[in-house]
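A.B. asks: I have a structure here, written as structure tokens, and I will follow up with some questions on it.
The values are calculated or read from the model by the stated rules, or taken from the named source; none is laboratory data. Small disclaimer: the values here were computed from a predicted structure and weren't measured. Note that we place each Cβ from the backbone using ideal geometry, even for glycine, and neighbour counts take in every protein chain shown.
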Amino acid sequence: MARAWFERREQVSTGVLRRARGLVLWMGRRPALIFLWPITLYFYVVSRDARRGLARFYERLSGTKPSSARLVRHFYVFAQTILDRVYLLAQHPDAPRCEIRGFEQVTECLRRGQGCVLLGAHIGSFEAARAAALSRPELRMQVIMHTEISRNLDAALGPSDRPDAAVALGSPLGLLRIKELLDKGGLVGMMGDRVLAAETTRSVSFLGAHAEFPVRPFRLAAALQAPVFFFAALYKAAGDGSRYYEVVFEELGPAAPSGRERSFWVQDLGERYTAALQNYCRIAPDNWFNFYDFWDASASRPGPLSRPDNPPGARPRASLDPTFLTTDPPAHDKL
Amino acid sequence: MTKQQTAFEYEIAQLLVSSLNLALDPSAIDPEAPLFREGLGLDSIDMLEIALAMSQHYGIQLRSDDPENATIFASLRSLSTAVAARRA
């Protein structure tokens, strides 16, 4: 979730983040929110590309240029969701409450012993939903991530012994484990809106213009042969001004058929996913956390951390399985 | 030059081509070439599909905690050998 900032700012070290985590847990959420303002303003000022990318989103959404105040508030909402990850992961009393909506259909599948695939997006806080699962076992999910991208941040913001470590999308044995988990009636979550370099994409109409969406999450959902749901944890304000997370679930389709209909199913799923995402963008525009021009295929997207052993533009390193070290080659397009 | 496939390797190759929807002649798969990356260029999702197709067709379980996984999925030949051994 925090990729847009932290991954571009490789100088933010794990050590600094761990100290910041200790500090905000110690001071509590209210004082931390005050300190968050100058930090937000700093990032707002220095992140020119993020400002522009976000302005493009509002233009697509409403047809008009957003005011600077609106953009700053948007940055502040994002900053709050990162802060909340700390409280939620620590199960701290200051952690905002989470309300769950639309989970009945998921429960129905689980009752039959059928696991479900949850497709998320960079809208709201995927991490808040993950963190909420620490205290609500019914929400517990195994997360599949593109690579090791967020793991440094994960390690820094959460307790060091997280029980819900992510599986890498590029890890074949990891995916086999995921399938076994689904067959046992588990929940599996992944993102469906972020394209990495050298990845097969599909152009889909999104908020009135074509945008590139990745193909792999949808191919994987088909291969896993389980019912698929859209999900997001939206950061909202209640009537009394207090903030909470609303974790929403929406059914996208039953398990994929096998054989020739498969590719139509994948395409269909992609369209329903985009429609759901579009809908939640309208409901909670300030929860959109793709801070780059989403409609420009050449826009620089947040990639893996730039480290000497992982230079910019390099293929993401992808395996959590030491026995099966492999990275994903560009997938042959099957759509 | 492509090495010769055995009859069973050809059967497995046909299954790979049909279950992965590859635009490829099954007999053209080099049995000793790597299935992933530089070889056939398959990815992790394809491997999952292969494991599921093998269990559907031959009733064998290829499990994530199998210590031999790294060798089983190395090539068409190693996959065929493993399937034949487990089916028996």
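A.B. asks: Can you pull out every residue in region A:282-296 that is polar (S, T, N, Q) and assigned to a loop (DSSP other than H, G, I, E, B)?
C.D. replies: Step one: filter region A:282-296 for residues polar (S, T, N, Q), giving A:287, A:290.
Of everything in region A:282-296, just one residue is polar (S, T, N, Q) and assigned to a loop (DSSP other than H, G, I, E, B), namely A:ASN290.
A.B. asks: B:GLU11 - would you say it is modelled with pLDDT of 90 or more, within 16 Å of A:LEU176 (Cα to Cα), under 12 Å from the mean Cα position of the chain (by Cα) and assigned to a helix (DSSP H, G or I)?
C.D. replies: no
A.B. asks: Then there's this: Go through the residues of region A:217-232 one by one and say whether even a single one is closer than 16 Å to A:GLN278 by Cβ and among the aliphatic types (A, V, I, L, M).
C.D. replies: yes
A.B. asks: Looking at A:LEU139, is it modelled with pLDDT of 75 or more, in contact with a helix residue (DSSP H, G or I) (Cβ under 7 Å, 6 or more places away or on another chain) and surrounded by 21 or more Cβ atoms within 10 Å (Cβ to Cβ)?
C.D. replies: When the stated conditions are applied, A:LEU139 passes them.
A.B. asks: Ok, one more. Looking at region B:70-87, is at least one residue free of Cβ contacts under 8 Å to residues at least 40 places away in the same chain, of a type in the set (Val, Ile, Thr) and exposed (fewer than 15 other Cβ atoms within 10 Å of the Cβ)?
C.D. replies: Taking every residue of region B:70-87 in turn, at least one turns out to be free of Cβ contacts under 8 Å to residues at least 40 places away in the same chain, of a type in the set (Val, Ile, Thr) and exposed (fewer than 15 other Cβ atoms within 10 Å of the Cβ).
A.B. asks: Wholly within region B:16-88, which helices (runs of 4 or more DSSP H) include no fewer than the required count, namely at least 2 residues that are within 14 Å of another protein chain (Cβ to nearest Cβ) and within 10 Å of the chain's Cα centre (by Cα)?
C.D. replies: Result: B:44-58, B:76-87.
A.B. asks: Please enumerate the residues belonging to region A:222-265 that are within 14 Å of chain B (Cβ to nearest Cβ) and either touching a strand residue (DSSP E or B) at 6+ places or on another chain (Cβ under 6 Å) or under 21 Å from A:VAL143 (Cβ atoms) (or both).
C.D. replies: Within region A:222-265, A:ALA222, A:ALA223, A:LEU224, A:GLN225, A:ALA226, A:ALA255, A:ALA256 meet the criteria.
A.B. asks: Can you confirm whether region A:79-98 contains a residue that is modelled with pLDDT of 90 or more, exposed (fewer than 12 other Cβ atoms within 10 Å of the Cβ) and part of a helix (DSSP H, G or I)?
C.D. replies: Looking for residues that are modelled with pLDDT of 90 or more, exposed (fewer than 12 other Cβ atoms within 10 Å of the Cβ) and part of a helix (DSSP H, G or I), one finds none in region A:79-98, hence no.
A.B. asks: Scanning region A:123-136 for residues that are of a type outside the set (A, V, I, L, M, F, W, C) and touching a helix residue (DSSP H, G or I) at 6+ places or on another chain (Cβ under 8 Å), which turns out surrounded by the most Cβ atoms within 10 Å (Cβ to Cβ)?
C.D. replies: Here is the first cut: in region A:123-136, the ones of a type outside the set (A, V, I, L, M, F, W, C) are A:124-125, A:127, A:130, A:135-136.
Still in the running and touching a helix residue (DSSP H, G or I) at 6+ places or on another chain (Cβ under 8 Å): A:124-125, A:127.
Values: A:GLY124: 28, A:SER125: 30, A:GLU127: 24.
Among them, the one singled out is A:SER125.
Per-residue answers, yes or no, for (1) touching a Leu at 6+ places or on another chain (Cβ under 9 Å); (2) outside any strand (DSSP E or B); (3) over 12 Å from A:GLY270 (Cβ atoms); (4) not basic (Lys, Arg):
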| residue | (1), (2), (3), (4) |
| --- | --- |
| A:LEU175 | yes, yes, yes, yes |
| A:LYS179 | yes, yes, yes, no |
| A:LEU182 | yes, yes, yes, yes |
| A:GLY185 | yes, yes, yes, yes |
| A:GLY189 | yes, no, yes, yes |
| A:VAL195 | no, yes, yes, yes |
| A:GLU199 | no, yes, yes, yes |
| A:VAL204 | no, no, no, yes |
| A:ALA211 | no, no, no, yes |
